[in-house]
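Right, one structure below, let's go through it.
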Amino acid sequence: MRPWLVIILVSGCFGLTGCFERIVEPVDVFGNVKQGALYSSASKMIDDWYAVEAIDTQTFAINEPKSSQYNTSYLIVGDARAIVFDAGSGERLPGSRSMREVAEQYTDKPITLILSHFHYDHIYDAATFDGITLIDRPEIRTSIKNGVFTIDPWESLDSEWRSLKVAAIIADGNVMDLGGRKLDVLNLPGHTTESMVLFDRARNQVFAGDFIYRHLGGIIAFAPGSDLVAYKASSKRLLQLTNPDTLFFGAHGIPRFGRDWLTLLDSELDKIIRGEAEYRYVTHYLAPVIPWRVYQNGELYIYTTPLVDPPLLWSKWMLLVLGTVSVLACSFLHLIAHWSFATIGKKVGR
Ligand SMILES: [Zn+2]
């Protein structure tokens, strides 16, 4: 295909998305907080990049206020060992400390890393930890070779392959004992298949990753592996496990929120699954050149694509097929145009 044709097609796509509404801008995704500002007076800057809130004496929110998606990772400490839940946005300043180094400032217990999921904005410092504890899923087991698990660019939405040493594999529903502190480990697919949520029943705290968060413009169910039917089943499960006093801690936006937000997500997912949701097509600031399908109720936005439901279609193979068909169609149109111009040229020249 000629370069000029590619340029025309690409600019055509960009132009087309310009026709779609852009309902969330980066500046208004954090609720009342501005990028770079602290979400609460309880959170304190500890250097030029990180701010830390001691939720209690053994639980710390490690926030990156200057990151574009206002990320928060968590340090969850027991009497024998500690968990770091997520490994940084990947936007930290050159020379700033890694997530592991920050966590070690608050505990002398051995630290295990758990990733809420494998997206690029949660895994940056993962390789600095001694090992990662993974959820037991068949596709994860097959990606472990000689004790090393590799996250591929399709999973991380990044350009790099990342190899991480595996410390352990834990099954969905199992309990992790940190010594005097227990965490229920849940595999809650929806945002991605491997999404993990940790629940400290005794303290009534849920660490939710990207399964659910407030602000940041909405819940994302348009990533590879997103599945709305699974999302609904997972939200129902989490609702059943928790109670009205449970405190939730998300990975983006203002970290802390109540269970009412989960109740709302659950009921809205229910409408989507029953085919009662009304959609609009809008662009999203994270992927601005594509029109996404959004369902909105008040402050809650759920972004999807028609490919997500049924989830079978939303696979790399389907995208490959769609890509190939599009390229073939464009080449075919180009051939027809070329042939028509040549025929007209001949007639004019006669
Ligand atoms: Zn994510």
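The values are calculated or read from the model by the stated rules, or taken from the named source; none is laboratory data. Just so it is clear, the structure is predicted and the values come from calculations on it, not from any experiment. FYI the Cβ positions are ideal-geometry reconstructions off the backbone, even for glycines, and counts take in every protein chain you see.
Determine if the stretch 223-232 includes at least one residue that is on the phi < 0 side of the Ramachandran plot and more than 16 Å from the ligand (Cβ to nearest atom). Within the stretch 223-232, one or more residues are on the phi < 0 side of the Ramachandran plot and more than 16 Å from the ligand (Cβ to nearest atom).
All conditions but one from (1) assigned to a loop (DSSP other than H, G, I, E, B); (2) within 16 Å of the ligand (Cβ to nearest atom) apply to Asp172; the one that does not is (2). Candidates are the residues of the stretch 246-276 that are over 19 Å from the mean Cα position of the chain (by Cα) and part of a loop (DSSP other than H, G, I, E, B); the one that is nearest to Glu64 (Cα to Cα) is Thr246.
If the condition is being more than 16 Å from the ligand (Cβ to nearest atom) and without any contact (Cβ under 8 Å) to a residue 12 or more places away in the chain, then the stretch 113-153 contributes Pro138, Thr142, Ser143, Lys145, Asn146. Against the numbered list (1) part of a loop (DSSP other than H, G, I, E, B); (2) within 27 Å of Arg274 (Cα to Cα); (3) within 15 Å of the chain's Cα centre (by Cα), Asn243 comes up short only at (3). Looking at the structure I just gave you, is Gly95 within 21 Å of Ser156 (Cα to Cα) and outside any helix (DSSP H, G or I)? No; evaluated as a whole, the condition is false for this residue. Could you list, in sequence order, the residues of the stretch 242-254 that are closer than 16 Å to Phe199 by Cβ and buried (at least 20 other Cβ atoms within 10 Å of the Cβ)? Scanning the stretch 242-254 gives Phe248, Phe249, Gly250, Ala251. Tell me, yes or no, whether the stretch 50-63 has at least one residue that is within 16 Å of the ligand (Cβ to nearest atom) and closer than 20 Å to His215 by Cα. Among the residues of the stretch 50-63, not one is within 16 Å of the ligand (Cβ to nearest atom) and closer than 20 Å to His215 by Cα, which makes the answer no. Every listed requirement among (1) at pLDDT 95 or above; (2) within 14 Å of the ligand (Cβ to nearest atom); (3) aromatic (Phe, Trp, Tyr) is met by Phe248 save one, (2).
Screening the stretch 190-222 for residues that are in a loop (DSSP other than H, G, I, E, B) and β-branched (Val, Ile, Thr) and picking the one that is nearest to the ligand (Cβ to nearest atom) gives Thr192.
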